[in-house]
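> Shown below is the structure under consideration.
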Amino acid sequence: MFSAGAESLLHQAREIQDEELKKFCSRISKLLQAEDLGPDTLDSLQRLFLIISATKYNRRLEKTCVDLLQATLGMAACPEQLQVLCAAILREMSPSDSLSLVWDHTQNSRQLSLVASVLLAQGDRNEEVSAVGQGVLRALESRQPEGPSLRYLLPIMAKVVVLSPGTLQEDQATLLSKRLVDWLRYASLQQGLPHSSSFFSTPRARQPGPITEVDGAVATDFFTVLSTGHRFTEDQWLNVQAFSMLRAWLLHSGPEGLGILDTDDRSEQEGSTLSVISATSSSAGRLLPPRERLREVAFEYCQRLIEQSNRRALRKGDSDLQKACLVEAVLVLDVLCRQDPSFLYRSLSCLKTLHGRVRGDPASVRVLLPLARFFLSHGEAAAVDSEAVYQHLFTRIPLEQFHSPMLAFEFVQFCRDNLHLFGGHLGTLRLSFPNLFKFLAWNSPPLTSEFVALLPALVDAGTALEMLHALLDLPCLTAVLDLQLRSLPASSERPLWDTSLRAPSCLEAFRDPKFQGLFQYLLRPKASGATERLVPLYQLLQPMAGCARVAQCAEAVPTLLQTFFSAVTQVADGALINQLALLLLGRSDSLYPAPGYAARVHSVLSSQFLALCTLKPSLVVELARDLLEFLGSVNGLRSRASLVTSVVWAVGEYLSVAYDRRCTVEQINKFFEALEALLFEVTQCRPSAALPRCPPKVVTALMTTLTKLASRSQDLIPRASLLLSKMRTLTQSPATSSMHSKEGAEAICTRATELLTLLKMPSVAQFVLTPSTEVCSPRYHRDVNTALPLALRTVSRLVEREAGLLPG
Amino acid sequence: MLLFSVQPHQPLDTLPDTARSAPSCGCLSCWGSLSPYQGLWLRCSTHPGAMVHAFLIHTLRAPNTEDTGLCRVLYSCVFGAEKSPDDPRPHGAERDRLLRKEQILAVARQVESMCRLQQQASGRPPMDLQPQSSDEQVPLHEAPRGAFRLAAENPFQEPRTVVWLGVFSLGFALVLDAHENLLLAEGTLRLLARLLLDHLRLLAPGTNLLLRADRIEGILTRFLPHGQLLFLNDQFVQGLEKELSAAWPR
């Protein structure tokens, strides 16, 4: 456990001074020079490792010390404890310019592996990666049985290929492929011998037994990672490592692999044809060129794994491994089929059977994702109708497994990474958004960024409104999912939910037939095309609004809303934009009451409302009736101040014939009256402890919009002027000073004065407050003789003069 | 403490153009980009590098408490460093090392906050961070766990996936190449955590893993050699464990 003692040890290690370290190093040097490989050295090296690894800044070690560490690493008699520490210290120092370690093939393979770990940590500044790769290859080439044990070297090869893909020459790649074939297909079927047989052991006990399957039966076919025994031979170890690196190697050595470009396409083609012919005959298979031969063997290996996974494992660990092997087998088959389509027909029937087998088994659910990917990639080429595969995947799995954090991540990653493969099935994916949102609602912290990437692909004009509702109801969905889990019979795998939270009334409501419809709507697996008002649920589920999972989800929603709007505006037509604007206003006062949720959502909604208006200014005229209604429902203003401000500003900006010829004087007058009433209401309202103060921004926005409207319908100017001067006096009267802060009152007063001044010259007012679209052209600003600079100067002079006359 | 947000030696805009827009491998098949989604996939699917990039052990602070300590990386191992940038300025190696350390710390912090959020969401009391008794078999199957993605350039050059496991006050994490077999990685991480807890007796009071790096290295070189996830069945695991116990008697 990490304790205070450990914390202080870390501090000591970090704070050690150069002088002290120097002394410590010279002590270590002495020990190493004397080839003292005892506990003192071990202890000192452990401390040195801590000193170096505990800080991110470089520690300078004496050259002799570094040299001795390297020498000790190469010493044949050195115990493993010390060797791993020497390597770890050198690795922790890297990248380092003082390293002189080289690949020396006379060392044993365990040492070579440690040397490689240091060299590969250098960041390939001096081509270390390729040097290590060549070293391993030389070991591969020398087929002497007494040569370095390849078991420790093969993983290095895998890493080299990943780090520096162009390292291998064509013939070297061929060699590796050949060796992999041997290990994968021809590992011995007898168990390994015990290392040392004691004097008393009977000769019978020394007889190695046959390899068995995971269920205990004697193996009937070649050795794989799912074959077991008590001891393993070297080639069986290599079999495990060969399979572990197989997929990466197939990809790197494949036709599109790196560095090795196929020089002769014809031979490649012939190879594939040959592999079709030799499909069932493995003796003919041996005649294939190495790369094709490897694919053939990989195919057989995967088929055997799939067959072996059907056996009932005696041990839990093996049962887990079976699942991981199935995933890998399907991934390898996918690679094979991409590289050589002739594998497709041979893989399909077996994978279809596999799908039938695992779809009913909740423990194998993770295998469904690579299977689905396989059918996505190859379904069309193989003319298989794989719709059933996706239907099952998108309908059942999220519904039943949303609470598994690993599956949730993998599922969403699967959708995100394979978007380009969905093609004709994109519709299925898009319609499944309510189900996908369950993963998000339950696991929002790791999945928010995934959904930011995925959401644009899910947005579709047909389901946009339903999706916006669903996003706004996401925290409510979290609460309902929680209830769903609680109401399920206890399962063996206990999902993580908050057991401290007790909400019996919520559970009762969840079971109440009266609300079944609403709960089922929220839990629907697919987009239904309909929307339900969930307000009754918000009240019922209020006790759960404060729980941590709901709060986490509520925090994610604003980001997702932003993503949603930026995607939907790409596909929305005018009618949809109107509907979105209406939905946004309508939902602003019906949200699940998670703490702080409404305020965060309002701030996104208000900026998005303005964005919609910018995109389609005529929506203000088209939706005039609804906007008036919204402005009339003032009781919600205090909590929706940001949204009201945006709407008020949009009215002032876009309710004009300049944007829509259908705009009438009557409309302008109506809005003027509504806003006038609103201004009156917000300024007359007595401040109280229960209600937050009305932000001055709302007041200034209202005054400005009223002035704008007056400048467009000049009969209103006297009313507007009267209103503004009233506002000016009001803010200066001590009675209302408690309503706004000093700065707020000042801002309102200044704005009122400016607007009053403008209204004194109606033509200037109209020009300034409703500028023609030409103001956007650069000429309008640059040329001193055009009207704008002139007008601006006039206006500012007027305003300044008036402001100068202001009292105090 | 230096925050990770500033990469010490490589601001993004100084990267050569090819490093950002072109696939790093230079093979022709990676150049065709057919759709916004396809570019990334092609790059990753062609060269998935199915390996582990790093393994780390770090502290987890108790959720719901105002713990003043910092998230500490107790041990980390990077398997084969990402290629160092061509940096002609002096002390390039030092900056490179600093960057690697910051990357690991960034992962640790993120795991810590993911774990804390998950613990909070599932209403686990903070005392769950302390084992009831050191002899208790730790139910690793029930331990908080999860996965998340790290986008390219943040903090690693390549996109990565992090798989993590929280055991009392310790976090264990694997940083994976983007398209690794997650089920295998999860199993391997559980295995590593189990081995570390058993062989280092991490749950016993007063045990300190800081001065026992050799054992951790011994476990990693066998069960995760050079970051290669291995398909080890139960008997292979037992064989390796015997080998380990012979080299490091408990």
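> Please compute the length gained on full extension between residue A:100 and residue A:777, using 0.36 nm multiplied by the number of residues separating them and subtracting their Cα-Cα distance. Each step should come with its number before you reach the end.
Details: separation 677, 0.36 × 677 = 243.72 nm, distance 6.65 nm.
Stretched out fully, the residue A:100 to residue A:777 stretch lengthens by 237.1 nm.
> Still on this structure, please answer the following. If you average the C-alpha positions of the stretch A:1-72 and of the stretch B:148-224 separately, how far apart do those two centres end up, in angstrom?
24 Å
> Give me a single rounded figure for A:542-550: the average over its residues of other chain Cβ atoms within 10 Å of their Cβ.
Details: counts 0, 0, 0, 0, 0, 3, 9, 6, 1.
That works out to 2 on average.
> What does the charge add up to near residue A:315, with Lys and Arg as +1, Asp and Glu as -1, over the other residues with Cβ less than 13 Å from its Cβ? Could the numbers behind the result be given before it?
Values: positive: A:311, A:312, A:316; negative: A:213, A:215, A:318, A:320, B:234.
Here the count lands on -2.
> Sticking with this structure for a sec: Rounded to the nearest 20 Debye, what is the dipole magnitude of the stretch B:52-224 about its Cα centre when Lys and Arg each give +1 and Asp and Glu each give -1 at the C-beta?
Result for the stretch B:52-224 is approximately 140 debye, rounded to the nearest 20.
> Taking amide hydrogens as modeled 1.01 Å from N in the peptide plane, which residues meet the under 5 Å criterion relative to residue B:75, leaving out close sequence neighbours?
Under 5 Å from the amide H of residue B:75 lie the amide H atoms of B:57, each far enough along the sequence or on another chain.
> For residue B:167, which sequence-distant residues (separation of 5 or more, or a different chain) have an amide H within less than 5 Å of its own amide H, given hydrogens modelled in the peptide plane?
The answer is B:172.
> Identify all aspartates and glutamates with a Cα-Cα distance to residue A:742 below 20 Å; exclude those on the same chain that are fewer than 8 residues away in sequence.
Output for residue A:742: A:754.
> Starting from the Cα gyration tensor of chain A, take the square roots of the eigenvalues, sort them a ≥ b ≥ c, and report rounded, prolate or oblate (rounded when a/c is under 1.5, otherwise prolate if a/b is larger than b/c, else oblate). Don't jump to the answer; show the numbers that get you there.
Values: a/c = 2.42, a/b = 1.91, b/c = 1.27.
Since a/c reaches 1.5 and a/b is larger than b/c, the shape of chain A is classed as prolate.
> Something else now. Leaving out same-chain residues fewer than 8 places away, which lysines sit with a Cα under 23 Å from that of residue A:178?
Within the straight-line cut-off, residue A:178 pairs with A:159.
> Counting only C-alpha contacts under 8 Å and six or more residues apart, can you give the relative contact order of chain A as a whole percent? Write out the running numbers ahead of the final one.
Details: 888 pairs, mean separation 44.1, N = 808.
In percent, rounded to a whole number, it is 5.
> Here's a follow-up. Residue by residue through the stretch A:528-545, which ³J(HN,Hα) values in whole Hz follow from phi under the Karplus form 6.51 cos²θ - 1.76 cosθ + 1.60 (θ = phi - 60°), with glycine and proline marked x?
These are the phi-based 3J(HN,Hα) values: 9, x, 10, 10, 10, 7, 9, 3, x, 5, 4, 6, 4, 8, 3, x, 8, 5 Hz.
> Cα to Cα, under 12 Å, and not fewer than 8 places away if on the same chain: which aspartates and glutamates meet these conditions relative to residue A:22?
Correct list for residue A:22: A:62.
> With 10 angstrom as the radius, rank A:63, A:526 by how many other C-beta atoms surround their C-beta, starting from the fewest.
Ascending number of Cβ neighbours within 10 Å: A:63, A:526.
> Hey, got the average number of other protein chain Cβ atoms within 10 angstrom for residues in B:217-226? Write out the running numbers ahead of the final one.
Details: counts 11, 5, 1, 3, 11, 1, 0, 1, 13, 14.
Mean shielding by partner chains, rounded to a whole number: 6.
> Spin-label point model (7 Å from Cα, Cβ direction): what's the residue A:220 to residue A:352 distance in nm?
2.3 nm
> I would also like to ask the following. Within 10 Å of each Cβ of A:7-17, how many other protein chain Cβ atoms are there on average? Can you show the working numbers first?
Values: counts 5, 0, 3, 5, 0, 0, 2, 0, 0, 0, 0.
So the per-residue partner count for this stretch is 1.
> Just to be sure I understand: of the beta bridges DSSP finds with both ends in the stretch B:52-224, what percent are antiparallel, rounded to 5? Show your work: numbers first, answer last.
Numbers: 26 of 26 bridges.
Counting only bridges with both partners in the stretch B:52-224, antiparallel ones make up about 100 percent.
> Going by a ≥ b ≥ c, the root eigenvalues of the Cα gyration tensor, does the stretch A:62-179 fall in the rounded group (a/c under 1.5), the prolate group (a/b larger than b/c) or the oblate group?
Values: a/c = 2.46, a/b = 1.41, b/c = 1.74.
Oblate shape, in that a/c is at least 1.5 and b/c is the bigger or equal ratio.
> For the stretch A:1-87, state which GluC sites (Glu not before Pro) are in a DSSP loop and have at most 15 other beta carbons lying within 10 Å of their beta carbon.
On the way: sites: A:7, A:15, A:19, A:20, A:35, A:62, A:80; in loops: A:35, A:62.
For GluC sites (Glu not before Pro) across the stretch A:1-87 that sit outside H, G, I, E and B with at most 15 neighbouring Cβ atoms in 10 Å, the list reads A:35, A:62.
> Kindly provide the helix-only [θ] at 222 nm of chain A, computed as the sum of -39,500 (n - 2.57) over DSSP H runs of four or more divided by all residues, to the nearest 500 deg cm²/dmol? Kindly include the intermediate steps, with their values, before the conclusion.
Numbers: 41 runs with 523 residues, N = 808.
So the helix-based figure for chain A works out to -20500 deg cm²/dmol.
> May I ask you to derive the relative contact order of the stretch A:528-607, considering only C-alpha pairs under 8 Å and at least 6 residues apart, and to give it as an integer percent? Walk me through the numbers before you get to the answer.
On the way: 35 pairs, mean separation 37.9, N = 80.
Rounded, it is 47 percent for the stretch A:528-607.
Here, each number is a calculation from the coordinates, and none is a lab measurement. These figures come from a predicted structure and were not determined experimentally. When we count neighbours, we look across all protein chains shown, and the Cβ atoms used for this are built from the backbone with ideal geometry, even at glycine.
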